[in-house]
Every structure is written in C-alpha cells, then in structure tokens.
Amino acid sequence: MSILEYNGAAMIAMAGKDCVGIAADRRLGIQAQTVSTDFTKVFKMNDNIHVGLGGLATDVQTLHNVLKFRMGLYELREEREMTPQVFSHLLSTLLYEKRFGPYFVEPIVAGLDDKNKPFLSSMDLIGAPVQTKDFVVSGTCTGNLYGMCETLYKPDLEADALFETLAQALLASVDRDALSGWGGVVHIITKDGVTTRELKGRQD
Amino acid sequence: MARRYDSSTTTFSPEGRLHQVEYAIEAINNAGTCVGILARDGIVMASERRITSGLLAPAKTSEKTYKLCPHAACNVAGLTADANILIDQARLRAGRYHYQYQEPIPVEQLVEHVCNYKQSYTQYGGLRPFGVAFLFAGYDEKHGFQLYQSDPSGNYSGWKATVIGANNQAGKSLLKSEYGSSSAEMADEGEETSPDVAGALRLAVKVLNKTMDGTAAAAEKMELFTMTLDESSEVVHHILTQKEAQEVIDQVEAETASAGDS
C-alpha cells in the first residue's frame, strides 16, 4: 500500500488560448471504502492562481491552510498579489523543507501570469518542479490521465473547447481507476474571471 | 536625581517610574498626529502626513496606515523603523491564529499580543523600548468595531475616539466636546450617540486642523482611512483618494464657515 494512494485523486490542468483550466475528481476514500463524494482538491488561491492538491487528504487540507497563511503574509508585506510562478516556487520550497518527513501531496498549479498568459506547473512530494506549456496531471491514475491528455489535447483551445477537453479527459481516465472518480469539478480561468462547473460521471 | 535611574529600562526610579519608557513616550509626542474615531458603522483613522522632502520616493502605499490582517489595521506614531518590527509581529500573530483556529483573531487579542511584546522590552534584556504608539482599528463578530491605543510601555486601552502624536492634548479636548454631539439627533436622555463614518471623517479632519494648527488643511497633508463592512459583511479597508479627501475638507470648511455666522 502506498501512502499516496490511501485516499485517491485524479487531477488535470491544461492551457488554452489566454486561459487555463484545472479539473479534479470528487472522491475521498479510505482505501477501498468511499467516504465522501464532494471532497475539494482544487483551491482558488487568488484570481490568478488555482492549485490542485492530490494525495493524502490530511496533507491536502493542511497544505492548503499553510499556503493560505503564506500568501496572506506575502500580500500584507508586499502590497500586491502573488503571481503563479512565485506561488509555484513557494510551494516547491515548502515541500522541500519537509524533505525527510514530507507532505504526501503531489500538487499542480494553474494560473494566468501578469501578462494574462497561461502558467502550468506540477511537482512531486518533495517539491521537484516541472513547468509545461500544454498540460499537467497528478493522482492515482496518472497513466490514464497522460494517455487521455496526449490524445485529446490541442494547443490554443478557447475556453469552451478547453472545458470539453478537460472534462472528457478526466472522466475517461477515472473510470479505470477504483480510487478516483465519483464526479468531477472543472474550473476555467480567464482574465475576466473563473467559471466552475460540476461534472456528472459514473458514481462508482 | 532621575539621572541615575534613567539609563536602564529594567530599573525603577525611587519615585516608582521607568524613565526610559517615559522618554520613549516623549519621542512619540514629536511624531505626526493620528486621530482615531469609532463610528456607528465603522472606524475612521486620520493622520498627518509629514512630507520631509519632495525628492522622497514612497515605497509603500502609506507610512502611517498598515493592514495587519483582513479585519484589522493600525496607524503609527513614532519611530517607523521600530514600528515595522511590531507590525510584522502583529501580522504573523494574526496569520498563525487563523491557521490554528481557522477563525479570525479577536481584535483585543491581537492588540494584547503586540503589547505583551512591547512590555518585554521594559522588563528583560536591557534593550530599549519601542518608540511607537499605535491606533488599532478592527472588527470581529463578538464585539463589532473596536478602536485601541497602545504606547511604548505595553499598556493599551479601548477608545471611542482618541489622538496620538504631536498636539494630542489639543486634539483630545476637541474630541471631548464634539464627539457624540456631532450627530444630528441626540438621544432624549442626553446620552451621547456615535457619528456615522461620514460624520466621523469630518470630525477627524476638524481635529487634524486643530493639531496641525499653523499649517493650512490640505488633502496632500492628510491621510484619511476608513474601515467598514460591505454588503457581504466583509471588512473593507479604504484610504481616501486625494479627491475624496478634498471633499471632506471642503465640507468641514463649509461647516465652520456657517457656524461662525450663527
């Protein structure tokens, strides 16, 4: 049993034309037993940054609170909002500080930088970051997620098409994974705001 | 006589005084004035902007008003460098409380934390006290809007209206006569009613006019700050723009002009 597979998760973030989307499943389980079908794994940190935290649920919630605390301090001291790149670095250093007793979370960051261009990054549980132009995935079915993304992804999709692509990629991937699924949520972020939609999927 | 007992913070004088603390308080009486007024629907803090040189490039939004957390802010009178340390302490405390309890820190607890930190510099270590006085403005669910004043000794108290910095005695005497009688209707029993934010702004400008005495009231010499609740009950921190400040100053000017006529 891997500690990263204890609760279950599936997450994707994708870049479109001047927009980003981030999607996650809704399941919270304790190994085989499903406990909640509305567990939040994607968090809005500010108008330009969403973070998806997949892994051990207690660390998901704790890390979210730690990030809120750190972002709050940054905004008070610097009198400006954090950009996604800065946030991603902060997250990376936070995770590495716990190098020998890590948070069991593998996060993905999605946002729009100060020029409203898409920003995507993901990292492992000790903070090794990776920045991409197309998509990032995380969770208990990353094999499925990578396959679906490689197949369905096209660059420069508009917000509505990006939503469809994200939704289909997520739903198809979680069906073959016992630990993720039970619905989904997709956030599409543009410079004008965030649109959030719930997905209807197989409830098993 | 005081000479022998005033160089160490941690020693009482024979009269039972801590001279270093008193000297720190003196330092603040030379600083730019800050007025704080508790209104029915919010808090107003107004401060004197001392523009020392036209060449100064302002690094932050304000050198007087600082946000401590989403529901609290403070005004500073005294040594800005000392204040920066305390403001950071306050911000950390508010953040850590929220992290631990997932709830905003009660305003008095935040004030008390800063004050306890100040107090330790009057009792331990042989370091000098902080030369800063604060006006804290905050909102919490239990007690609503609150205004607190603190000084270098670490002492604090809650106020309906108060003044710190240069000429604070003149400001306080004006508040004593005008706070509560500045609202249009008084309660029948003659008890004092608090003004609304607009009324409090005008009163604050009046006080600054008095404490800034020789100099003419101008929008760029004052900083006006308000704390209120919006429609979704979120706390709003607002530093008035030059235009908004000028409107308040003009209203006060009109009031005092017509008062002279009657």
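Inspect all residues belonging to region A:66-83 and state whether any of them is in contact with a Pro (Cβ under 9 Å, 6 or more places away or on another chain), within 14 Å of chain B (Cβ to nearest Cβ) and of a type in the set (Gly, Ala, Ser). Yes, there is a match, as at least one residue in region A:66-83 is in contact with a Pro (Cβ under 9 Å, 6 or more places away or on another chain), within 14 Å of chain B (Cβ to nearest Cβ) and of a type in the set (Gly, Ala, Ser).
Let's see how each residue does on (1) in contact (Cβ under 8 Å) with a residue 60 or more places away in the chain; (2) in a strand (DSSP E or B); (3) over 17 Å from residue A:144 (Cα atoms):
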position: A:166; (1), (2), (3): yes, no, no
position: A:170; (1), (2), (3): yes, no, no
position: A:173; (1), (2), (3): yes, no, no
position: A:180; (1), (2), (3): yes, no, no
position: A:185; (1), (2), (3): yes, yes, yes
position: A:194; (1), (2), (3): yes, yes, yes
position: A:202; (1), (2), (3): no, no, no
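Residues that are out of contact with any Asp or Glu (no Cβ under 9 Å at 6 or more places or on another chain) and either basic (Lys, Arg) or farther than 19 Å from residue A:175 by Cα (or both) within region A:19-39 comprise A:20, A:21, A:27, listed in sequence order. Taking residue A:95 as the residue in question, decide whether it is within 23 Å of residue A:135 (Cα to Cα), in contact (Cβ under 8 Å) with a residue 12 or more places away in the chain and touching a Pro at 6+ places or on another chain (Cβ under 7 Å). Spelling it out, residue A:95 is indeed within 23 Å of residue A:135 (Cα to Cα), in contact (Cβ under 8 Å) with a residue 12 or more places away in the chain and touching a Pro at 6+ places or on another chain (Cβ under 7 Å). Residues that are farther than 21 Å from residue A:60 by Cβ and buried (at least 23 other Cβ atoms within 10 Å of the Cβ) are absent from region A:151-160. Suppose we filter region B:55-106 for residues that are small (Gly, Ala, Ser) and crowded, with 21+ Cβ neighbours inside 10 Å; how many remain? Count: 7. Test residue B:20 against the stated conditions and say whether it is outside any loop (DSSP other than H, G, I, E, B), farther than 25 Å from residue B:175 by Cα, away from every other protein chain (no Cβ under 14 Å) and of a type in the set (S, T, N, Q). Spelling it out, residue B:20 is indeed outside any loop (DSSP other than H, G, I, E, B), farther than 25 Å from residue B:175 by Cα, away from every other protein chain (no Cβ under 14 Å) and of a type in the set (S, T, N, Q).
Condition first: over 20 Å from residue B:249 (Cβ atoms) and either among the polar types (S, T, N, Q) or within 14 Å of chain A (Cβ to nearest Cβ) (or both). Now tell me which residues in region B:46-61 satisfy that. Matches in region B:46-61: B:52, B:53, B:58, B:59, B:60, B:61.
Report whether or not residue B:9 is touching a Leu at 6+ places or on another chain (Cβ under 9 Å), surrounded by fewer than 23 Cβ atoms within 10 Å (Cβ to Cβ) and either over 19 Å from residue B:167 (Cβ atoms) or without any contact (Cβ under 8 Å) to a residue 60 or more places away in the chain (or both). It is true that residue B:9 is touching a Leu at 6+ places or on another chain (Cβ under 9 Å), surrounded by fewer than 23 Cβ atoms within 10 Å (Cβ to Cβ) and either over 19 Å from residue B:167 (Cβ atoms) or without any contact (Cβ under 8 Å) to a residue 60 or more places away in the chain (or both).
Looking only at residues in region A:44-65 that are of a type outside the set (A, V, I, L, M) and within 14 Å of chain B (Cβ to nearest Cβ), the one that is surrounded by the most Cβ atoms within 10 Å (Cβ to Cβ) is A:64. The set of residues in region B:137-155 being assigned to a strand (DSSP E or B) and over 20 Å from residue B:30 (Cα atoms) consists of B:137, B:138, B:139, B:140, B:144, B:145, B:146, B:147, B:148. Just so you know, in region A:81-133 the residues that are surrounded by fewer than 20 Cβ atoms within 10 Å (Cβ to Cβ) and of a type in the set (Asp, Glu) include one that is nearest to residue A:15 (Cα to Cα), and it is A:113.
Note on region A:100-124: residues that are touching a residue at least 12 places away in the same chain (Cβ under 8 Å) and more than 23 Å from residue A:140 (Cβ to Cβ) total 8. For beta carbons closer than 6 Å, sequence separation of 6+ or different chains, a first residue in region B:106-125 that is over 12 Å from residue B:152 (Cβ atoms) and a second that is part of a helix (DSSP H, G or I) and not aliphatic (A, V, I, L, M), the qualifying pairs are B:113/B:93. If you take the residues of region A:131-163 that are within 15 Å of the chain's Cα centre (by Cα) and in a helix (DSSP H, G or I), which of them is farthest from residue A:104 (Cα to Cα)? Restricting to residues being within 15 Å of the chain's Cα centre (by Cα) and in a helix (DSSP H, G or I), the top hit is A:163. Quickly run through region B:89-143 and pick out the residues that are away from every other protein chain (no Cβ under 11 Å) and of a type in the set (Gly, Ala, Ser). Those that are away from every other protein chain (no Cβ under 11 Å) and of a type in the set (Gly, Ala, Ser): B:120, B:125, B:126, B:131, B:133, B:137, B:138. Selection within region B:62-88: residues that are β-branched (Val, Ile, Thr) and away from chain A (no Cβ under 11 Å). The member of this set that is farthest from residue B:223 (Cα to Cα) is B:85.
Any read-out appearing in this document is the output of simple, stated calculations on the displayed coordinates, not a laboratory observation. Nothing here was measured: the structure is a model prediction, and the numbers come from that model. Cβ sites come from the backbone with ideal geometry, for glycine too, and all protein chains shown count toward neighbours.
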